[in-house]
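Student: Questions regarding the structure given below will be posed in turn.
Derivation of every value follows stated rules applied to the coordinates shown; laboratory data play no part. Because the structure is a prediction, the values reported are computed rather than measured. Cβ atoms come from the backbone with ideal geometry, glycine included; neighbour counts cover every protein chain shown.
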Amino acid sequence: MESIKSLLLVFVVLFSFNIQAQNDEIEISDERIEILSKKICSSALTFRTLSAKEAGSNMEKMILNFIGVSKEDPNYKEKFTKFWNENSEKFICYEKGTTQDTRNPQHFMKRIVDLGMYKTVFYKFLLSDPEGYHIDVNTIEIYNGKEETILDYIDNVLSEPNASSKYHVKEIQSVRDWLVMGYNAKKASELEN
């Protein structure tokens, strides 16, 4: 019964967005982006349970549908990248994660690290082409009164004494290296204010 409910949620999430933009000139309100943010955050948990291998592809379809772009558009990756980079700081997850250690609120990219979905969501979707479509990974989030990027977050994760009990440390290190080499990830202290 639980899997039927989860499958229904995935179906509703994938097909619930109305086309938001018919061309590049239409702006999407912060309220609509907040709705998208909630949906991609809750969907990450559902996709992880039901179809982790397809999570990146499913999230890509969801976001493209939201911005009114299809994969048939030869410029869809450019439009997606522009949308993501202009709105990344708004993709904050507020619902609970999978463990008591998951932060709340938490930027979507950090949540993906916590969920262990970086292979399908990062490598196969969001961060799959650093040379062609440069996603800005240096969004600053304030946590405990301090500025923090995803690089700061990963460094904190790796420095935890019990990191290996919560994370696959070698894989998290690989994600870190990919972010630095492919996407010029920086610590908040390295960014100009």
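Student: All other residues with a Cβ under 11 Å from the Cβ of ILE150 taken together, and with Lys, Arg as +1 and Asp, Glu as -1, what is their net charge?
Tutor: That works out to 0.
Student: Ratio of alpha-carbon Rg to the 2.2 N^0.38 Å globular estimate for the range 39-188, to two decimals, please.
Tutor: Compared with the compact-globule rule of thumb, the range 39-188 sits at 1.00.
Student: May I pose another question? Stretch ASN156-SER128 to full length: gain in nm at 0.36 nm per residue minus the Cα-Cα span?
Tutor: So the chain would gain 7.7 nm between ASN156 and SER128.
Student: Say a paramagnetic label sat at a point 7 Å from the Cα of ALA52, along Cα to Cβ; which residues of the range 158-178 have their backbone N under 14 Å from it?
Tutor: Those under the cut-off are 166-169, 171-172.
Student: For the pair SER189 and ASN85, what calculated FRET efficiency results from E = 1/(1 + (r/R0)^6), where r is the Cβ-Cβ distance and R0 = 25 Å, to the nearest 0.05?
Tutor: Efficiency at R0 = 25 Å is approximately 0.70.
Student: Shifting gears a bit: What residues have an amide H closer than 5 Å to that of CYS93, excluding those fewer than 5 places away on the same chain, when H is modeled at 1.01 Å from N in the peptide plane?
Tutor: Residues meeting the criterion, in which the H sits 1.01 Å from N, are GLN106, HIS107, PHE108.
Student: What residues from the range 114-132 fall in the zone where the backbone N is under 18 Å from a label point 7 Å along the Cα-to-C-beta line of ASN75?
Tutor: Once the point is set 7 Å along Cα→Cβ of ASN75, 132 turn out to lie under 18 Å by backbone N, inside the range 114-132.
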